[in-house]
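Quick note: the coordinates plus some simple rules give every number you see, no bench work behind them. All of these numbers come straight from a predicted model, not from anything done at the bench. All Cβ positions, even for glycine, are placed from backbone atoms using ideal geometry, and neighbour counts span all protein chains on display.
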Amino acid sequence: MNNTFDLHRFTLLLKRQWLEFGKIFLITLLVATGVVAAFYALTLLPLQELGYISDQLRFREPLFIIFGFLFISIIASSYFAHLGQKSKAIIDLLIPASTFEKFLAGFFFTSILSVLAFLLIFTITDWAFITYIKSYFRTGDLKELAEVKTFFSKNEIGTFAPVYVMPFTVTSVFLLGSAYFNRFHYIKTAICVMLFSGAWTYIVMNVVDVLLSGKTSINLGNNGKDTMEWLLFSIIALCTLVVLSITYVRLKEKEV
Amino acid sequence: MEFRDNKAIYLQIAEYVCEHILLEKWQADQKIPSVREMAVTLEVNPNTVMRTYELLQNKNIINNKRGIGFFVAEEAVANVKSYRKAQFMEDELPIVFRNIYLLNIDFEELQTRYNTFVKENF
Amino acid sequence: MIKIDNLNFSYSKHRVLFKDISMQLSSGHIYGLLGKNGAGKSTLLKNLAGLVYAQSGKIEVLGLDPAKRQPALLQQICFIPEEFHLPAIKIDSYVKANAAFYPEFDHQYFADLLKEFDIPVGQKLIDMSYGQKKKVIISFGLATNAKLVIMDEPTNGLDIPSKAQFRKIMASALTEDKCIIISTHQVRDLDNLIDTVIMLDENKIALKATVEEITDKLSFKRLKEIDETVIYAEPSLAGYNAVMPNYHQEDSKLDMELLFNAVLAEKNKLKPIFN
């Protein structure tokens, strides 16, 4: 028997986890959908009072980012949360699946399923409202602005490469928090993230200050290669992988 | 079945089986409950019942037909009686004697009492 | 079946639980794990299931290291914790989600056990009392046909008729290839079910002996008066309940509670008898 990974066992595990985690997931998703829809409705309705539409639609990006962040972080920070309670943890740890499979199931639900689910509900809500607006105004001017497709792809992949890996960074950090802390997972993780990023920013600022003081930049041009962006992408992706490995180790070491 | 406090469980189970044989609830060549069935009925460890059955086999009260189970031996009743008699002589009689001695009971009085008891009960 | 070699375990520097414990357990037995509160009964059981990690020493269960938490071993472990949480779903959904992990899961046996325990199958787990839930998880655990059955205070929360049902079920669950370990402080519930006693005290295994060995070496008696041959005695209505060396090859009934107290109080007198 393969004691690390077995596809059949893994699918069984996904089904089993869904039975309990699915409820939290669906309820959170429902709330998120409600909130997003409410935002659209409050900002855009009634349509008679709508002014210049492109201005009115500016809330979409911050909404997407803030609620996207909240949704995936809440989901991720609840996945392993029950391991903090002995009575729940014992049964989960003793399920005959490998730690790697249990970890992978966590990654699947929090990093893949939750991100996809949020994209889906956001797209659908957005599409529904834009279609409604379009049918109301019946003008061609809105076309470019209102297309959901445009919203997601108006930026070049290269330029925004670091942004695409961010959701996975967020979920991996909060997944680690859920496995690491025994109680108040979300708050504790959030505080840690703040402290950590604060310290990091402070260090980087100072280092940059020391390294660059008295020097002049000679090349500000981008020359079309997005080198910095890809470098940043790699650093963030690497951090994400590191956080995920720590989560795996933490799960392996979990005692009750 | 209620277990008493003072006697080893496996011996009490032996008594239980003997009792069934003497009362002819289980007759010669009849199959008796398996170790597991007996353990479940009496709520005891199967290994304890196994110990009982081994003891009873040694006393030729039951025998083991491999693969089928335990059966009451042909001469079971006689063997039970001699086994019980030995047990009585060893365990219970000393206590009776002790009391007879301590209480100064007359043997003749015992004799008459014994006779009335038999007449009344059997 | 189980081999423990020089196990050292502590939760912290000030809370040492086991010092160089070694023992072997084999299949075909029901072991009764006894010890005072805090002696480490639950912790020893958790060590066997790989739920906690020892500082040093070696544990082998069915030839594998439980700390690795390999599915091959987890399939063979049925662990009934004292406190547990079951999801808010129906019994059959619970079984559907979990049974497939155990290749030898016996659905018929599970149904029989629930019936024996008087648990209605369609009931939701959340609507059940603690005792009923306990019966469900015991039934599920036994139905996995795992070779190592570990139960931490299984009779806690069971009512009087359930305790009898539990004893019947355990008596029939013991097979040649199974090793059952039950920790308990309610010895009266289980004393006829246990065939080997393991007692933990002062970071050590104070006693590990079969009931047969114990009653071979010790005799448990009711005495009017105690003399110097008595190892340990407790006053009772009719005199004393006493433990003494078994000089005359008597077959007395093991009084587990009395033995427990005797081991705690008279370690030094008992040690030479069992070695």
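The GluC sites (Glu not before Pro) found in segment B:2-46 that occupy coil by DSSP, while having at most 13 further C-beta atoms within 10 Å, are B:Glu2, B:Glu24. Both radii were evaluated on the Cα set of segment B:1-116; the Rg over Rh quotient, with Rh as the Kirkwood radius, amounts to 1.08.
Looking at the P(r) of chain C, how many percent of alpha-carbon pairs lie beyond 30 Å? Before the final figure, lay out each step's value.
Values: 13133 of 37675 pairs.
The proportion of pairs with Cα distances above 30 Å equals 35 percent.
In this simple spin-label approximation, C:Asp106 and A:Phe59 carry label points 7 Å from Cα along the Cα→Cβ vector, and these lie 6.3 nm apart. Considering only alpha-carbon pairs that sit under 8 angstrom and 6 or more positions apart, the relative contact order computed for segment C:204-269 is 35 percent. For chain B, a Gaussian network of Cα nodes joined below 10 Å ranks B:Leu55, B:Leu102, B:Leu42 by mean-square fluctuation, and the top entry is B:Leu102. The chymotrypsin sites (Phe, Trp or Tyr not before Pro) found in segment C:234-275 that occupy coil by DSSP, while having at most 11 further C-beta atoms within 10 Å, are C:Tyr247.
For the protein assembly as shown, give the magnitude of the charge dipole about the Cα centre (Cβ charges: +1 Lys/Arg, -1 Asp/Glu; no others), in debye to the nearest 20.
On the way: 69 positive and 70 negative charges, 366 e Å.
So the dipole magnitude of the protein assembly as shown works out to roughly 1760 debye.
Rg and Dmax of segment B:9-76, both derived from C-alpha coordinates alone, stand at 10.7, 29 Å. Kirkwood analysis of the Cα pair distances in segment C:5-63 returns a hydrodynamic radius of 12.3 Å. Computed over all pairs of different Cα atoms, the Kirkwood value for the hydrodynamic radius of segment C:210-274 is 11.7 Å. Taking the charge dipole of the protein assembly as shown about its Cα centre, with +1 at Lys and Arg Cβ atoms and -1 at Asp and Glu Cβ atoms, the residue from A:Thr4, C:Met256, B:Ile21 reaching farthest to the positive side is A:Thr4. Remark: C-alpha extents of segment C:98-144 on the principal axes read 29, 19, 16 Å, sorted largest to smallest. I need the shape label for segment A:72-131. Rule: rounded when a/c is under 1.5, else prolate if a/b > b/c, else oblate, with a, b, c from the alpha carbon gyration tensor. It comes out prolate by the Cα gyration axes.
Dividing the summed helix terms, -39500 (n - 2.57) for each DSSP H run of n ≥ 4, by the number of residues in the protein assembly as shown produces a 222 nm estimate of -17000 deg cm²/dmol to the nearest 500. A dipole drawn for segment B:9-76 from +1 and -1 charges on Cβ atoms has a positive end, and of B:Gln12, B:Ala76, B:Leu56 the residue lying farthest that way is B:Leu56.
Indicate the gyration tensor shape class of the protein assembly as shown (rounded, prolate or oblate), computed on the Cα atoms with a ≥ b ≥ c the square roots of the eigenvalues: a/c under 1.5 is rounded; otherwise a/b larger than b/c is prolate and the rest oblate.
Prolate, since a/c reaches 1.5 and a/b exceeds b/c.
For the peptide C:58-69, the mean number of other protein chain Cβ atoms found within 10 angstrom of a residue's Cβ is 2. For segment C:13-109, applying the loop criterion from DSSP together with a ceiling of 16 other beta carbons within 10 Å to the trypsin sites (Lys or Arg not before Pro) yields C:Lys13, C:Lys36. Charge dipole (Cα centre; +1 on Lys/Arg Cβ, -1 on Asp/Glu Cβ; no other charges) of chain C amounts to roughly 820 debye. Among A:Arg250, B:Arg98, A:Arg9, sorting on how many other beta-carbon atoms sit within 10 Å of each Cβ, with the fewest leading, yields B:Arg98, A:Arg250, A:Arg9. Counting other Cβ atoms within 10 Å as a rough exposure proxy, the listed residues A:Phe64, A:Phe69 run A:Phe69, A:Phe64 from fewest neighbours to most. Annotation: the residues A:His185, C:His107, C:His14, C:His29, sorted from fewest to most other C-beta atoms within 10 Å of their own C-beta, follow the order C:His14, C:His107, C:His29, A:His185. Calculated FRET efficiency, C:Asp5 to B:Glu19, Cβ-Cβ distance, R0 = 51 Å: about 0.60 to the nearest 0.05.
Suppose we look only past 18 Å in the calculated P(r) of segment C:1-142. What percent of the Cα-Cα pairs does that tail hold? In whole percent, the long-distance tail amounts to 63.
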